[in-house]
Amino acid sequence: MKNQGSPDIYSEIHPSRETLLGNYNNILGKSAKHLEVLKSIDLFAKSSSTVLISGETGTGKELIAKALHTQSPRARHPMVIANCAGLVESLLENELFGHEQGAFTGADHQHIGLFETAAASTLFLDEIGELPMSLQPKLLRALQDGMIRRVGGTEEIPVDVHVVAATNRDLAEAVKAGRFRQDLYQRLKPLHIHLPALRERQEDIPVLATYFLAEEAKRYNQAVKTLSSEVLSLFHTYAWPGNIRELKRVIERAVLFAEQHTDILLEHLPEELRTSQVPPMPMPDAAAPSSTGTTAPDCPTLPFPIGTTLGDIQRAAILETLARENGNKSKAADVLGITRATLRTKLGTDNA
């Protein structure tokens, strides 16, 4: 059933979502890349084979893992989560596979590990790329044969577990560097879901930002309801290294700073985000003799990628000026030597 509290958000979602089998109302987005992820969940949730989820930090890998579990036949049991980077090697082995009484000093009772705890359910192995090399053969055996052995034990124990693994590392490169086993990687990669970075799914930024805004405004009982056009333009030019997680934190901060405003303005955003778009234009160095003996100025490095459109450069310059003038459009227009109406046109907005 769709979230009745946010009908405006869900009306934005691409109609091809209607062809999906699962209910993904909590996984917002309408871009083609995002829809491919949801289609993969539909397909892979039916399988008992291991699924690998890759993507940068903050792209929502655990959310996708939960969706795989929820849409699977194992959904009646709770998903079990293990962080492969959260414990030292000895403790991680004990956490995953358990131990027998007397296996080591202090082991005064038998301990059941997460593989057995997740029986008939899903075991989510987060940050699989951090798994120590010494534990990788034991994990490979569990995946291939469905058998584990507790620390200090001799008995082979069958486990019926669907494993979903996630990583923010390039496992193919880790294999080449000798940090990850080739055979384990081959076991993981056939059912692979790659989550695109937020900067690669621009269409989804307004949907996600509006959803987080409504969520945080309600949480903090703030009057703010919308994002200004300048803020949305800035969001589209920012690289979002922290992806969706960073966007959520930026919105939360902006809601707190907005106080009694009804719009999120540039002045409510973190300074590093407002000033990250346009690096200072480098000045040409003093003239120097060329290889032909003539004097010619050195070529400065361009402060933007080759292929950037003039419109994007203009928009970035306007956003930078607006940020420095704390969102004052009249002052920004004066600094740029244009009218407020021209500033509005360059930003592609009618409410500047």
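Please treat every number below as a calculation from the coordinates, not as lab data. Since the structure is predicted, the reported quantities are computational estimates derived from the model, not experimental observations. So basically every Cβ, Gly included, is an ideal-geometry build from the backbone, and we count neighbours across all protein chains shown.
Ranking request for peptides 83-89, 57-63: highest mean number of other beta-carbon atoms within 10 Å first, then the rest in descending order.
57-63, 83-89
Considering the options 101, 16, 59, tell which one lies farthest towards the positive end of the dipole of the range 7-196, charges being +1 on Lys and Arg and -1 on Asp and Glu at the Cβ, about the Cα centre.
Comparing the listed Cα positions along the dipole, 16 ranks first.
Roughly speaking, what is the stretch gain from residue 48 to residue 149, that is 0.36 nm per residue apart minus the C-alpha to C-alpha distance, in nm to one decimal?
34.3 nm
Subtracting the Cα-Cα distance from 0.36 nm times the residue separation, let me have the gained length for residue 330 to residue 317 in nm, one decimal.
Details: separation 13, 0.36 × 13 = 4.68 nm, distance 1.50 nm.
Length difference between fully extended and current span is 3.2 nm.
Sort 329, 218 so the one with the fewest other Cβ atoms within 10 Å of its own Cβ comes first.
218, 329
If you take the beta carbon distance between residue 237 and residue 105 as r and set R0 to 56 Å, what does 1/(1 + (r/R0)^6) give as a FRET efficiency, to the nearest 0.05?
Values: r = 57 Å, r/R0 = 1.03.
Calculated value: 0.45.
Evaluate the distance, in nm, between pseudo-label points positioned 7 Å from the Cα of residue 219 and of residue 276 along their respective Cα→Cβ axes.
Once both label points are built, they end up 1.9 nm from each other.
Residue 77 to residue 16: extension gain in nm, 0.36 nm per residue of separation minus the Cα-Cα distance?
19.0 nm
What does the C-alpha gyration tensor say about the overall shape of the range 67-163? Classify as rounded when a/c is under 1.5, otherwise prolate if a/b is larger than b/c, or oblate.
Judged from the Cα gyration tensor, the range 67-163 comes out prolate (a/c at least 1.5, a/b above b/c).
Can you give me the distance in nm between label points at residue 186 and residue 85, each placed 7 Å from the Cα along the Cα-to-Cβ direction?
Rounded to a tenth, the inter-label distance reads 2.8 nm.
Starting from the Cα of residue 263, step 7 Å along the direction of its Cβ; do the same at residue 338; then give the gap between the two resulting points in nm.
Going by the 7 Å Cα→Cβ label model, 1.7 nm.
Equivalent ellipsoid semi-axes for the range 98-248, as square roots of 5 times the alpha carbon gyration tensor eigenvalues: give them largest first, rounded to whole Å.
Result for the range 98-248: semi-axes of 42, 21, 13 Å.
Pull up all non-local amide H partners of residue 227: gap of 5 or more, or a different chain, and H-to-H distance under 5 Å with H placed in the peptide plane.
264
With a Cα-only, solvent-free Debye model of the range 7-196, what are the log10 I(q)/I(0) values at q = 0.11 Å⁻¹?
Normalising to I(0) and taking log10 leaves -0.52.
Given the C-alpha atoms of the range 15-108, compute the convex hull and give its volume per residue in Å³. Spell out each step's value before the answer.
Numbers: hull volume 12.8 nm³, N = 94.
Looking at the range 15-108, the number lands at 136 Å³ per residue.
Output the relative contact order of the range 133-191, whole-number percent, from Cα pairs under 8 angstrom with separation of 6+ residues.
Computed over the range 133-191, the figure is 35 percent.
Fewest Cβ neighbours within 10 Å first, please rank 17, 141 accordingly.
Numbers: 17 19, 141 14.
Least to most surrounded, the residues fall as 141, 17.
In percent, how large is the relative contact order of the range 7-196, given Cα pairs closer than 8 Å and 6 or more residues apart?
Worked out over the range 7-196, it gives 28 percent.
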